[in-house]
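The values are calculated or read from the model by the stated rules, or taken from the named source; none is laboratory data. Everything numeric in this text was worked out from a predicted model, so none of it was measured. In this analysis, Cβ positions are derived from the backbone assuming ideal geometry, glycine residues included, and neighbour counts consider all displayed protein chains.
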Amino acid sequence: HAFFGEAGRLKGRRAIVTSGPTHEPIDPVRYLANRSSGKQGHAIAAALSASGAQTTLISGPTRLADPLGVEVVHVQTAAQMAAAVEAALPADVAVLAAAVADWRVRPAVEKIKKDAGHAPPELVLEENPDILAALAQKTTGRPTLVVGFAAETRNVIENARAKRARKGCDWIVANDVSEATGVFGGDDNTVHLIRADGVETWATMRKRRIAERLAERIADALNHTPKHEG
Ligand code: CTP
Ligand code: CA
């Protein structure tokens, strides 16, 4: 069916995608965050949906429009993202592309004032839940395929392989975000797809193309597995 291309290969499948940064409040007007445009995660949600998957996108704050045909849950914090992923289950595949803040602050109820004569406030950080590790290590209700991301600035493949093993996810999409690549926040990306049996290095291409290729790999992998109920 060459004419229809990839369309419909994920029909009857359920997908969860996370995207964007999370914002961790410091007080009512300030937050901790990281640099993530959400472009790659949103493109993956759109590609899975275009392949026929019933797709829920759980997005931190971005400047992007909600992809058409995708159910979007907007969240701010890592804790909210973790709860939204849990609420979106069951799923056949989960692609966790969000740049989740590793730490949160116990937020002040009132705006912290820059009072003259006082030392700057100290932020006490606590670790956020690891959404990917929790999902990948679920004993019941684990998606058939759990895919994580790893943004690395050095030893990209080596670090990403270790991350895959540590978290217990099936695949890791690893990308080099060192300044030399110039990809951060842009429309292009250079990634390696890391699986148990090896590494595929993809040429630099549009985030949209990467998303489509990942959706193809996901469809190939799910092809012979039974569909999730619900
Ligand atoms: N991730 C997550 N929850 C967290 C942190 C990360 O779900 N609290 C997910 C990301 O969405 C991504 C993967 O884990 O799919 C890897 O994130 P990354 O920040 O590269 O991994 P960390 O374990 O936080 O390691 P690092 O020290 O390199 O930040
Ligand atoms: Ca991290």
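From the list Val93, Val100, the lone residue that is more than 16 Å from ligand 2 (Cβ to nearest atom) and in contact with a strand residue (DSSP E or B) (Cβ under 8 Å, 6 or more places away or on another chain) is Val93. Being farther than 25 Å from Val191 by Cβ, at pLDDT 95 or above, in a strand (DSSP E or B) and away from ligand 1 (no atom under 12 Å from the Cβ), is that true of even one residue in segment 124-134? Yes, segment 124-134 contains a residue that is farther than 25 Å from Val191 by Cβ, at pLDDT 95 or above, in a strand (DSSP E or B) and away from ligand 1 (no atom under 12 Å from the Cβ). Of all residues in segment 181-230, exactly one satisfies the criterion of being surrounded by 17 or more Cβ atoms within 10 Å (Cβ to Cβ), among the polar types (S, T, N, Q) and without any contact (Cβ under 8 Å) to a residue 40 or more places away in the chain, namely Thr190.
Of the candidates Ala101, Ala119, the single residue that is within 15 Å of ligand 1 (Cβ to nearest atom), over 19 Å from Ala15 (Cα atoms) and among the small types (Gly, Ala, Ser) is Ala101.
Can you say whether Glu110 is within 20 Å of Pro25 (Cβ to Cβ), in contact (Cβ under 8 Å) with a residue 40 or more places away in the chain and more than 16 Å from ligand 2 (Cβ to nearest atom), as far as the supplied structure shows?
Against the criterion (within 20 Å of Pro25 (Cβ to Cβ), in contact (Cβ under 8 Å) with a residue 40 or more places away in the chain and more than 16 Å from ligand 2 (Cβ to nearest atom)), Glu110 qualifies.
Segment 145-230 holds strands (runs of 3 or more DSSP E) entirely within its bounds, and those carrying 3 or more residues that are at negative phi, touching a strand residue (DSSP E or B) at 6+ places or on another chain (Cβ under 6 Å) and within 16 Å of ligand 2 (Cβ to nearest atom) map to 145-152, 171-176.
Where residues in segment 134-155 are more than 16 Å from Ala196 (Cα to Cα) and of a type in the set (A, V, I, L, M), which of them is surrounded by the fewest Cβ atoms within 10 Å (Cβ to Cβ)? Filtering first and then ranking leaves Ala134.
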